[in-house]
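Heads up, the thing below is written out as C-alpha cells.
Rule-based calculations on the coordinates, nothing more; no lab input. All figures in this text were calculated on a predicted structure; none of them were measured in a lab. Every residue, glycine among them, receives a Cβ derived from its backbone with ideal geometry; neighbour counts consider all protein chains shown.
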Amino acid sequence: MSTGHYKHDNFGKIVIRTQVGIALALLLCLPLANFWFPSAYSLKAGVHGLSAILALVVGTYLTHRALPLIKGMHVNLESLRRWLLVATLLNLTGAISGNWIYMRYRGQDGPRDWILERVPAIHNVLMEFKEFVSLFPFPLMLSATALLYYYGLPMQTRRDLCRFVGITILVSWSFLLLGFVVGLVLAKLRFV
C-alpha cells in the first residue's frame, strides 16, 4: 500500500514560517541586548553580534539551497545569486565589526587578559582558532558569488561549477558555525 507523496498544505507552510519567524526573533534578541549592555563597547558588540547571527542564519538557509546544486538538480540561480550576495555582505560586515571589537578584546584589561589569567588553555585553543576560522567565510562566499555573477544563468548546464559553488557554500557555512559557537563561548566567558 502506497502512502503517496507528502505535499505541504497552506496551513503547514504558515506554521513552518511562523516557527521560523519566532525562532529568528528570539535569536536576534541575543545581540540586540548588547546594545543596552552597560559598557563603552556595547555598540561594537551589538553590531558584531547582529551581523554574525544574520550571517549564520542566511548561511544556514544557503546550505539548503546548495544541496540540490551539488546533486545536479535545477536551482533558481537568479534567487541564489541574490542570497549569496547578501551572505557575502553580511560576512564582510561580520569580519569588519569583528576586527572593530577585537581591538577592545586585546586591549589592556580586556577580555583576553581576563581569560589568559583564569583559563589560558581555553584562550590558546579557542581564540587562536577563532581568529583564523572566522575570516574564511567571506572569501569563500565572495568566490561563489563571483562565479554565479560571472557565468550567469547558463551556469546551470555546467555541473562542475554548480558543484563547486555548492561545496563552497557548505564549507563556508561550517566555518561560520565554528566561528559563531567559539565566539559565543568567549562572550560567555567575558563580555567586552
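Using only the C-alpha atoms, the convex hull of the chain corresponds to 155 Å³ per residue. Could you pull out which residues in the stretch 167-192 have an amide N less than 19 Å from a spot 7 Å beyond the Cα of residue 113, following the Cα-Cβ vector? Only 187, 189-192 pass the distance filter.
Normalised by the number of residues in the chain, the average gap of Cα pairs under 8 Å and 6 or more apart makes the relative contact order 27 percent. Among the DSSP helices (H) of the chain, those spanning at least 27 angstrom by Cα along their long axis with an average Kyte-Doolittle hydropathy of -1.0 or more are 10-34, 42-71, 77-106, 159-189; this is a geometric and hydropathy rule only. Which of rounded, prolate or oblate describes the stretch 149-190 when judged by the alpha-carbon gyration tensor and an a/c cut-off of 1.5? Prolate.
What is the stretch 57-167 by shape, rounded, prolate or oblate, if you read a ≥ b ≥ c off the alpha carbon gyration tensor as root eigenvalues and call it rounded for a/c under 1.5, prolate for a/b larger than b/c, and oblate otherwise? The partial results should precede the final answer.
On the way: a/c = 3.79, a/b = 2.71, b/c = 1.40.
Judged from the Cα gyration tensor, the stretch 57-167 comes out prolate (a/c at least 1.5, a/b above b/c).
Residues 36, 83, 100 in ascending order of nearby Cβ atoms (within 10 Å, fewest first): 36, 100, 83. Shape analysis of the stretch 1-115 places it in the prolate category; the axes a ≥ b ≥ c from the Cα gyration tensor give an a/c of at least 1.5, with a/b above b/c. Spin-label model, residue 106 to residue 181: label points 7 Å out along the Cα-to-beta-carbon direction sit 2.6 nm apart.
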